[in-house]
Each structure stands twice: as structure tokens, then as C-alpha cells.
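**Student:** I have a structure I would like to understand better, so I am pasting it below and will then ask my questions one at a time.
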Amino acid sequence: MALDGLLEGFQVAFSLQGILFVLIGVVTGTLIGMMPGLGPISAIAIMIPVTYGMNPSTALVMMAGVYYGAVFGGSTSSILLNAPGISGTVATSFDGYPMAQRGEAGKALAIAAISSFTGGTISVILLMLFAPALAQVAVSFGPPQYFALMFLGLTAIASLSDGSTIKALISATIGFIVATIGIDAQTGTNRFTFGNPNLMEGIDFLVIALGLFALAEVCFLILNRKDRSLSKQSDIGNLRLNKQDFKEMKGPMSRQSFLGFLLGVLPGAGATIASFIGYITEKRLSKKSDEFGKGSIKGLAAPETANNAATSGAFVPLLSLGIPGSGTTAVMLGAFLVLGIQPGPLLVQDHPDVFWGIIASMYIGNVFLLILNLPLIPYIAKILKISRPLLISLVITFSLIGVYSISFSTFDLYLLLAFGLVGYLMRLFSFPAAPFILAFILGGMMEQAFRQALTASGGSMMVFVKDPISISLFVVSLLSFIVPFIRKGKKEEHVVDEEEQQYRAN
């Protein structure tokens, strides 16, 4: 049944019109992903009126290409400029940008492209085989399970810091506070707005991400402009990957293809959370966790595989249940309805060309993305050859345009500059920015899930421990929080023992 449907889907995708619109979608998505601030949500929203009257299968194939193409291309600005193109590539900058700084920009872009292709391709196969079954799993996740899942993500805060755990927790706490700014969705109360109407809708994620990473890096470069060691970041380096590189990539790509896909299936999780959890998981599993954040190949391959796998996973609840799995698929749901297609359990029967056409187009789209991106890496990486003053100007310009294009508010530009200063101060005093970002992302989702669970249970806290899924997630959270401290203690004891032995030997 699935094979027959897939063959019908390939007839749609391999038609001249299908190939053309897949190509248009992935190229448009890649270019949009490279530009900080635009993102696939805006692109798809703009395309809805453009595609009105088109063949539904062709139009939706193109929109899907924009989605996963943007995630594929979003790594470019994260790696080269430390300016995440989209929220799903923030974790990519943790190790991608350090690689570019030490003269391995070409290699980093090649790793990102291959990892993205692997994650996207494996997840499409899983989408084809298990979409109906996984849709039922997604439905079984209620507010208690989502709260437990978000709690599990928060226990990784300690892993996102190479230095003081206390500083990481402080950074996360500030992130939580920032996440609560705006109107309380349940009570309608203004929180931390200080009477300013511009804060009533909260602070956009992109303002914080570009501020803490891109503008903070700009401040660092300006204030350390006489440091000659920073000039090495203009080197592109060798693009070729050796056997050892592929060996290091193999594990993260295989594991995160599955994990990213499963996280993408859960409504609301999306590529951003998948990339963070993928990064954290690999850091926990790695025997060389100290290399993460300093240009680790595994640290780059993991989030790039996970976020691209999650994009395909997000189509499971959309196609099978009519439930959007991410912000982008929520906009795509509107596109479905405008084109006269109702996604859900009957989509396979009523419109098999649409259901299987989208899935089949992803195979072709991922191949197009790899073919298009790998040859262009030497040219894309040459952005680092631009003189530092001009490069700084471009980063500032793209950041300002990206933020302004979201809300057309000058107040957001002031917030961007403020978070840029905060990011520089955090870097100056060794406060990690990653826990801040993770807490900000999970804060609102955790609060909403917590309130919904308590409302449904009449205020009983037992609702969080009645379900086996919730209990299992809480147990894993506890272990993931305790184990790193045990390992750190044993490592310190081992170092002390070695120093004592060396002292006695002398």
C-alpha cells in the first residue's frame, strides 16, 4: 500500500512541473535560511496568495521545499558569522563558528551539508513507513507529558556550560524571566512590561538570538580589533573530509536522524528543540565532551542532523492528523485549507497525490540541496575573505533588517542592541549564552503545559506522576542531571590522584 502510494507520489515529483517547483522551493528556502530574520514561516506566508489557483500537489511540494530548504541553508550564517539564519540553527553555531574561526569554514560547511542531507533523507524514509503509527503517539502526548519532556530538556543546562554550573543556572534563570515578559495568556495580566505596550506581546526569539550571538560577536571583534590572532578566521581551509572525520560524523548522524525525527513528530517541539537536544545528547555520550563548543565535528553534525530530521517529522501530525507540528507547519496548514485540501486521516484516501507527492518530493529535494550546496561551499565560504570592517557592517545590517522585517518595530531594534550588549557582557564574564536561549525557548512551553495539566486535573500535582510516559521522562531527567556531576567528581579525583603520584615520584 505504501509502495503503491509512493510510486504515485514519485509520478507527481518526477514530472517536469514537479521537479521545477521542488527546485524553486529548495533554492528559495536555502537563500532565505542564509539570511538572518526571514525564515520559512514568512516565506510560506508570502507564497500562499502566489500559489492560489495552482495545482494543490505542485504548490504544496514547493512550500515543503521552502521549509526544509531553509533549515538546510540556515547553518551558513551560523557557521560563518555566528548569526543564526533561523532558530533551528542556533545550536549549529556552538561548534560551527569556532571551526570557522580556526580556519576550517569550508570543512564546517561540508559537514553541515552532509549531516543535513543524511538527517533529511533518513527522516523521509521514516515518514513514509511510520507516519500513521507515529501520529497516534503524537496524540498520546498531553500537557503532563509535554511538561516532563520540556523538563528533560532543561536538565541539560549543566551540559551547555564548559565552566561554572552556577553561572549556567543564573543564565538559564534570566532566560526564564525574559520568557515571561508580555501578557499572560491565561489571566490576561501584564507581566514585566513596566507599562510599555511594546512588550505586551513578549520578545521575539530572533531578537535574543541575534543579540546574544551576532551582535555580541560584533562587539567582541570591535573591542579586540588589534588582536592579530583573530585574523585567522579569514582562512577558508580545506573542504575535503578524511576517513576520521566521517568516522566521527557517523554516530551522531545515525542517532540524531531518529531522535530528531521523533521530536519533530511531537506537536510544538520542532527543529529548534530537536537541535538542542541532539547537541546535548551527543555531548553526554561523547568521551571527549570537553571538545564541544570549541569546534567539535560531533558537536556540529548532531544539531544539523537533528534539525533537518525534525522538519520531516513535523509533517507526520500535519498530514496524518491535521495538527501542525511546528510554527512553519501551522502556516502550511493554512496553505492546505486555502488550496481546498483538508489534511487529516482521510488525506491519503481523498488526495493520495498530495500526501505521497510531498513525501516523494522530499527525496528529490534533499538530493537537490546536497548537489547545489556542496559545489557552492568554496564561494559561500569566501564571505570570510571580506575585510573585517565591512564584514562587521554586513552582520549589523542583516541583523537589523532581519529583526525589523518581523514586526516593523523600531523598539525591537533597541532590544536587539540591548541584548547585544548583554551578550558581550556575558561573554566577558564567562556566562554561557546557550542556557539562556534554551530556557527562553522552553520557558513559555513549560508554563503553558504545567497550567493546562493542573487545570485538567483540578489542581492535583499527581497528574504528573500517574502516566508512565511522564514518570519515565522525569526519571531520565533526574539521571541526566546527576550523572554529569558524578563524572565530574570522579574526573577531579583522578586528576588529584595523578598529581599525588607525580608528587611522590619526584
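The values are calculated or read from the model by the stated rules, or taken from the named source; none is laboratory data. Computed from a predicted structure; not experimentally measured. Positions of Cβ are generated from backbone atoms using ideal geometry, with glycine treated the same way; all protein chains shown enter the neighbour counts. Side chains included, ligands, DNA and RNA excluded: accessible areas come from the protein's heavy atoms. Shrake-Rupley method; radii C 1.70, N 1.55, O 1.52, S 1.80 Å.
**Student:** Restricting attention to region 328-339, does a residue exist that is hydroxyl-bearing (Ser, Thr, Tyr) and either open to solvent by 50 Å² or more (accessible area, probe 1.4 Å) or at pLDDT 85 or above (or both)?
**Tutor:** no
**Student:** If you scan region 344-363, which residues turn out to be outside any helix (DSSP H, G or I) and either of a type in the set (Phe, Trp, Tyr) or under 24 Å from Ile19 (Cβ atoms) (or both)?
**Tutor:** His351, the sole residue that qualifies.
**Student:** While we're looking at this one, here's another question. Pull up region 349-378, narrow it to residues that are of a type outside the set (A, V, I, L, M, F, W, C) and more than 25 Å from the chain's Cα centre (by Cα), then point me to the one that is most open to solvent (accessible area, probe 1.4 Å).
**Tutor:** Applying the filter and picking the extreme gives Gln349.
**Student:** Let me spell it out: the conditions are (1) under 30 Å from Leu221 (Cα atoms); (2) buried (at least 22 other Cβ atoms within 10 Å of the Cβ), and Arg102 meets all of them except one. Which number is the exception?
**Tutor:** Only one criterion in (1) under 30 Å from Leu221 (Cα atoms); (2) buried (at least 22 other Cβ atoms within 10 Å of the Cβ) is unmet by Arg102, namely (2).
**Student:** Identify, by number, the condition in (1) more than 20 Å from Leu400 (Cβ to Cβ); (2) without any contact (Cβ under 8 Å) to a residue 60 or more places away in the chain that Arg102 doesn't meet.
**Tutor:** Unmet condition: (2).
**Student:** Let me ask another. With respect to Thr397, is the statement that it is farther than 30 Å from Thr118 by Cα and β-branched (Val, Ile, Thr) true?
**Tutor:** yes
**Student:** Test Ile111 against the stated conditions and say whether it is open to solvent by 40 Å² or more (accessible area, probe 1.4 Å), in a helix (DSSP H, G or I), over 30 Å from Phe355 (Cβ atoms) and at pLDDT 80 or above.
**Tutor:** For Ile111, the condition - open to solvent by 40 Å² or more (accessible area, probe 1.4 Å), in a helix (DSSP H, G or I), over 30 Å from Phe355 (Cβ atoms) and at pLDDT 80 or above - is not met.
**Student:** Which of the residues belonging to region 191-223 are part of a loop (DSSP other than H, G, I, E, B) and not acidic (Asp, Glu)?
**Tutor:** Listed by number, the residues that qualify are Phe192, Thr193, Phe194, Gly195, Asn196, Met200, Gly202, Ile203.
**Student:** Output the residue which, of all residues in region 287-321 that are in contact with a Gly (Cβ under 8 Å, 6 or more places away or on another chain) and open to solvent by 20 Å² or more (accessible area, probe 1.4 Å), is farthest from Ser115 (Cα to Cα).
**Tutor:** Of everything passing the filter in region 287-321, Leu321 is farthest from Ser115 (Cα to Cα).
**Student:** In addition: Condition (residue is open to solvent by 50 Å² or more (accessible area, probe 1.4 Å), modelled with pLDDT under 90, among the aromatic types (Phe, Trp, Tyr) and touching a helix residue (DSSP H, G or I) at 6+ places or on another chain (Cβ under 7 Å)) applied to region 156-176: is it met by at least one residue?
**Tutor:** yes
**Student:** How many of the residues in region 405-420 are touching a Gly at 6+ places or on another chain (Cβ under 8 Å) and either open to solvent by 30 Å² or more (accessible area, probe 1.4 Å) or hydrophobic (A, V, I, L, M, F, W, C) (or both)?
**Tutor:** Qualifying residue count for the region: 7.
**Student:** List pairs: first in region 336-356 and touching a residue at least 60 places away in the same chain (Cβ under 8 Å) and over 13 Å from Tyr52 (Cβ atoms), second assigned to a helix (DSSP H, G or I) and among the aromatic types (Phe, Trp, Tyr), Cβ under 6 Å, 6+ apart or cross-chain?
**Tutor:** Going by the 6 Å Cβ cut-off, the qualifying pairs are Val348/Phe355.
**Student:** When region 437-472 is examined, which residues are found to be outside any helix (DSSP H, G or I) and either of a type in the set (Asp, Glu) or closer than 26 Å to Thr272 by Cβ (or both)?
**Tutor:** Asp467
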